[in-house]
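In what follows, a single structure is set out as structure tokens and then discussed.
The values are calculated or read from the model by the stated rules, or taken from the named source; none is laboratory data. These figures come from a predicted structure and were not determined experimentally. We place every Cβ from the backbone using ideal geometry, glycine too, and count neighbours over all the protein chains shown.
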Amino acid sequence: MIALAATVKHFLDYHRISYRVLNHERTLSLAMAASLLEIEPSHIIKAVLLQDSLGYVLAVLPLNYQMDLLRLSQQLDRRLNIVPEKECDKLFKDCEPGIRPPFGEAYGVPLILDKSIEKLSMLYLEAGSHTALIQLSSEDFRFLTSGMPILSFGYQEGQPEAAEDQREIVNGTKPWLKKLQNIFLPN
């Protein structure tokens with residue numbers, strides 16, 4: 001049984017990151033793991049693999065947030081779709097089916113972070129199996145993801161939409177949009 005995928009272990013060890021493996025009974029979801037380990041869902045981060053004609057993007061946000069796929073697509077000026085489970089499993093081949101560690105660099109996938117992650121002091125995340133999470137400081141996670149775009153594409157149920165921000169994205173007046181296009185659409 002794999003608690004920590006070899007790719008994740010190598011990535012964390014290579015960067016000399018301290019982490020703690022939290023073992024638990026086999027679960028079917030991150031929410032169930034949070035409940036078993038008595039961790040606030042807001043401190044667990046999830047990764048969602050997206051794709052369009054330009055390739056993959058791994059979007060990372062807290063477990064208690066929903067992803068606004070349209071908003072993220074507009075921010076990146078792309079037509080992103082959620083990748084089917086079987087295709088995801090091929091990319092994360094050293095993980096159990098359904099597991100998506102939030103380390104895009106380790107798997108050769110560009111990473112996008114939701115800005116809500118910046119508020120967290122301690123993070124818990126999937127690392128290879130349905131029987132363990134890893135605990136990592138937010139400072140270490142920021143180090144591992146430094147230089148990756150931080151956008152606002154997640155929301156909590158009942159959270160008011162940022163209509164003004166949305167209009168600026170659609171109208172192309174966001175100053176960081178050009179920078180993102182250069183990252184994801186190299187010449």
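Quick notes on this structure:
- Considering the range 104-151, and only residues there that are in contact with a His (Cβ under 9 Å, 6 or more places away or on another chain) and in a helix (DSSP H, G or I), the residue that is surrounded by the fewest Cβ atoms within 10 Å (Cβ to Cβ) turns out to be PHE143.
- One residue from SER116, SER152, SER138, SER129 being over 12 Å from ALA47 (Cα atoms), small (Gly, Ala, Ser) and in contact with a Gly (Cβ under 6 Å, 6 or more places away or on another chain): SER116
- LEU61 meets the stated requirement of being modelled with pLDDT of 95 or more, surrounded by 20 or more Cβ atoms within 10 Å (Cβ to Cβ) and either in contact with a Lys or Arg (Cβ under 7 Å, 6 or more places away or on another chain) or charged (D, E, K, R) (or both).
- Residue identified as surrounded by fewer than 18 Cβ atoms within 10 Å (Cβ to Cβ) and in contact with an Asp or Glu (Cβ under 7 Å, 6 or more places away or on another chain) among PRO41, PRO84, PRO97, PRO101: PRO97
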